[in-house]
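Please read the structure below before turning to the comments.
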Number of protein chains: 2
Amino acid sequence: VNLTFDHISAAARRIAGVAVRTPLVECEELSRRAGGRVLVKLEGLQRGGSFKFRGAYNRLAQLTDDERTRGVVAWSSGNHAQGVALAARLLGMPATIVMPRDAPVVKTENTRALGAEIVPYDRDRESRETIATEIARTRRAVLVPSYDDYAVMAGQGTVGLEIVGQTRERSSTLDVVLVPCGGGGLTAGSAVAIKHLSAGTSIHCVEPERCNDTARSLAAGRRLANDPGSRSICDALLAPEPGALTFPINQALLSGGLTVTDEEVLEAMHFACSHLKIVVEPGGAVALAAVLANRLPLRDRVTALIVSGSNVDAPLFRSMLDRREGST
Amino acid sequence: VNLTFDHISAAARRIAGVAVRTPLVECEELSRRAGGRVLVKLEGLQRGGSFKFRGAYNRLAQLTDDERTRGVVAWSSGNHAQGVALAARLLGMPATIVMPRDAPVVKTENTRALGAEIVPYDRDRESRETIATEIARTRRAVLVPSYDDYAVMAGQGTVGLEIVGQTRERSSTLDVVLVPCGGGGLTAGSAVAIKHLSAGTSIHCVEPERCNDTARSLAAGRRLANDPGSRSICDALLAPEPGALTFPINQALLSGGLTVTDEEVLEAMHFACSHLKIVVEPGGAVALAAVLANRLPLRDRVTALIVSGSNVDAPLFRSMLDRREGST
């Protein structure tokens with residue numbers, strides 16, 4: 001494995017004072033339902049609205065002056081886009097982001113507001129990799145992958161680092177950690193940090209059904225892709241298959257993968273609004289959904305879960321509230 | 001002044017690991033609008049949904065074994081109720097709370113779920129002080145005031161203590177702090193902490209119009225009451241007049257009081273949902289509303305504001321979203 005705890009410690013020093021040390025809160029109602037102690041990492045409160053800022057900043061902060069002048073290129077369904085755009089603005093370099101035309105409006109608008117140039121593409125007909133690689137080539141810009149990159153993974157791993165530290169501040173020890181999983185960067189980075197500091201903690205990734213490539217790959221022992229055209233409301237978790245660099249790490253360190261339905265995700269978004277008092281996007285809510293749906297026995301255990309993003313479009317958010325609360 | 005920085009430091013040690021060290025986040029959009037740097041203390045993420053848990057826990061943790069056996073009594077529109085109920089449960093003592101019949105449903109339900117006994121009263125026809133005092137007398141229980149108590153104020157002051165520390169972690173110095181104000185406990189406690197650590201910081205309290213007793217009292221140089229029957233959607237900020245113990249502190253340390261309309265509060269609640277990604281109750285949003293309404297020139301200044309509570313009923317929250325977003 002080419003990602004070590006030292007990389008994550010170094011990333012933590014780089015992002016200190018720039019990224020938010022998001023709180024790890026205990027939710028009484030969630031603990032009651034799980035029958036154990038459940039701690040929730042509110043990473044949707046990160047700058048840019050998701051953990052993606054950590055990895056992007058860690059990557060961009062290591063570029064040379066020459067590379068900074070030429071700028072960066074990324075492809076993203078929206079959260080990595082905002083993370084890269086914000087990091088690029090803070091570090092004073094141009095950013096170009098290839099984004100699907102059906103990305104949530106809030107993600108496209110925020111990315112543009114952060115000063116990045118947006119190149120739209122059609123998710124079903126075009127290759128984002130091809131478009132981004134071509135832009136990087138012509139502009140001699142640096143391509144910043146959204147997960148398959150060790151500096152990016154190291155930045156995301158600071159979430160896991162913080163979780164262990166914040167759990168120790170409560171004089172507690174973690175039994176289980178649940179991590180939302182798309183390409184696997186947050187999962188891999190956090191797993192390296194957590195296993196280094198707390199070897200007895202078991203880590204599970206959580207994915208939407210039909211897009212549970214990592215869970216199926218872990219079970220099969222090799223990388224399996226999702227069916228083309230597989231859809232979920234979890235727009236942030238629609239990576240086609242596990243990353244070539246993230247998967248070996250996850251294979252070595254995870255205890256398995258859990259799967260939740262879109263309906264369970266909506267229920268978790270509503271719970272987050274009512275009990276955690278936060279706005280959560282669908283992809284950010286999958287680990288919470290797994291706990292609420294009792295996907296794993298957590299009785300008498302200490303569990304931490306990551307709520308990883310908050311960039312949800314207003315109409316979806318309101319329809320979620322309307323459906324859950326009827327006419328009250 | 002009988003509230004010192006040492007009291008607040010001691011309170012911080014008492015609540016460490018029990019209360020959440022809520023994050024101080026920079027909101028890019030808010031900073032852009034203010035033309036300066038604006039940091040937001042997300043205190044609605046505190047246990048019990050508001051800063052009130054800090055003061056309640058600090059007070060209850062200092063009770064004797066004998067007092068704990070007899071339990072505590074409080075009156076509250078809902079946030080102090082939850083803070084006292086939670087602190088009492090954690091410290092193993094019974095709690096009775098006198099609450100107005102028109103308190104938000106979420107506040108009454110949460111207080112009951114935390115195991116407290118609720119005694120309802122009519123806000124316009126009965127005296128909560130009389131009812132609570134009588135209960136305390138017959139049960140030989142300890143009365144826990146919601147603001148006019150130095151141990152309670154010291155607990156609330158840990159919010160100010162954290163704000164200064166978290167601002168320094170960003171290598172920045174505070175010019176202005178804005179604090180939501182009802183009875184004045186959060187304001188007084190935070191002001192003592194902030195002025196001790198950062199004498200050059202100016203502090204303003206923020207209140208709803210028609211319930212701006214502290215702003216008018218500061219201007220007049222003596223305690224003035226609100227008109228009986230004065231109403232606002234800010235249910236948490238409807239104290240009849242400044243506290244006898246809080247006001248002298250606020251008079252000595254504040255630069256003045258700001259006032260916002262209910263309409264501006266709704267706008268701030270919507271901003272919090274869209275940009276801070278948090279649920280905020282009306283009373284918790286007044287300081288944010290003051291910044292958005294440009295009540296104070298903040299250009300090129302470093303400002304911190306407290307978002308102090310998140311306990312809002314679902315129908316009010318949804319109608320706020322519906323009104324702000326039309327049919328989008």
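The values are calculated or read from the model by the stated rules, or taken from the named source; none is laboratory data. Here the structure is a predicted model, which means the values were calculated and not measured. So basically every Cβ, Gly included, is an ideal-geometry build from the backbone, and we count neighbours across all protein chains shown. Keep in mind that these areas ignore ligands, DNA and RNA; they rest on the heavy atoms of the full protein, side chains included. Shrake-Rupley method; radii C 1.70, N 1.55, O 1.52, S 1.80 Å.
Among the residues in region A:14-23, are any touching a strand residue (DSSP E or B) at 6+ places or on another chain (Cβ under 8 Å) and of a type outside the set (S, T, N, Q)? There is at least one residue in region A:14-23 that is touching a strand residue (DSSP E or B) at 6+ places or on another chain (Cβ under 8 Å) and of a type outside the set (S, T, N, Q).
Being within 11 Å of residue A:234 (Cβ to Cβ) and part of a helix (DSSP H, G or I) holds for only one residue in A:272, A:285, A:290, and it is A:285. Within region B:270-302, restricting attention to residues that are open to solvent by 10 Å² or more (accessible area, probe 1.4 Å) and in contact with an Asp or Glu (Cβ under 7 Å, 6 or more places away or on another chain), the residue that is nearest to the other protein chains (Cβ to nearest Cβ) is B:275.
When A:305, A:266 are screened for being farther than 20 Å from residue A:107 by Cβ and either of a type in the set (Asp, Glu) or surrounded by 17 or more Cβ atoms within 10 Å (Cβ to Cβ) (or both), only A:305 passes.
Against the numbered list (1) more than 21 Å from residue A:137 (Cβ to Cβ); (2) assigned to a helix (DSSP H, G or I); (3) open to solvent by 30 Å² or more (accessible area, probe 1.4 Å), residue A:102 comes up short only at (2). Of the set (1) at pLDDT below 95; (2) under 15 Å from the mean Cα position of the chain (by Cα), all apply to residue B:16 but (2). When region B:10-25 is filtered for residues that are crowded, with 22+ Cβ neighbours inside 10 Å, farther than 14 Å from residue A:22 by Cβ and within 12 Å of another protein chain (Cβ to nearest Cβ), only B:19 remains. The number of residues in region A:76-91 that are crowded, with 24+ Cβ neighbours inside 10 Å, of a type outside the set (A, V, I, L, M) and modelled with pLDDT of 95 or more comes to 4. In region A:185-201, the residues that are of a type in the set (Val, Ile, Thr) form Cβ pairs under 9 Å with partners that are surrounded by fewer than 18 Cβ atoms within 10 Å (Cβ to Cβ), at six or more places apart or across chains, as follows: A:192/A:1; A:192/A:4; A:192/A:5; A:201/A:173; A:201/A:175. Per the conditions (1) modelled with pLDDT of 95 or more; (2) part of a helix (DSSP H, G or I); (3) surrounded by fewer than 24 Cβ atoms within 10 Å (Cβ to Cβ), the sole criterion not satisfied by residue B:110 is (1). All of (1) out of contact with any Phe, Trp or Tyr (no Cβ under 7 Å at 6 or more places or on another chain); (2) open to solvent by less than 10 Å² (accessible area, probe 1.4 Å) hold for residue A:28 with one exception: (2).
Looking at the structure I just gave you, is residue A:133 more than 14 Å from chain B (Cβ to nearest Cβ), part of a helix (DSSP H, G or I) and open to solvent by 10 Å² or more (accessible area, probe 1.4 Å)?
Yes.
Tell me, which residue of region A:150-180 that is small (Gly, Ala, Ser) and away from chain B (no Cβ under 14 Å) is most open to solvent (accessible area, probe 1.4 Å)? Selected residue: A:151. The single condition among (1) open to solvent by less than 20 Å² (accessible area, probe 1.4 Å); (2) at the interface with another protein chain (Cβ under 9 Å from one of its Cβ atoms); (3) closer than 20 Å to residue B:77 by Cβ that residue B:60 does not satisfy is (2).
Among all residue pairs at least 6 apart or on different chains, which show Cβ distances below 8 Å where the first residue, located in region A:30-58, is over 20 Å from residue A:181 (Cβ atoms) and the second is in a helix (DSSP H, G or I) and acidic (Asp, Glu)? If the second residue must be in a helix (DSSP H, G or I) and acidic (Asp, Glu), the pairs left are A:47/B:28.
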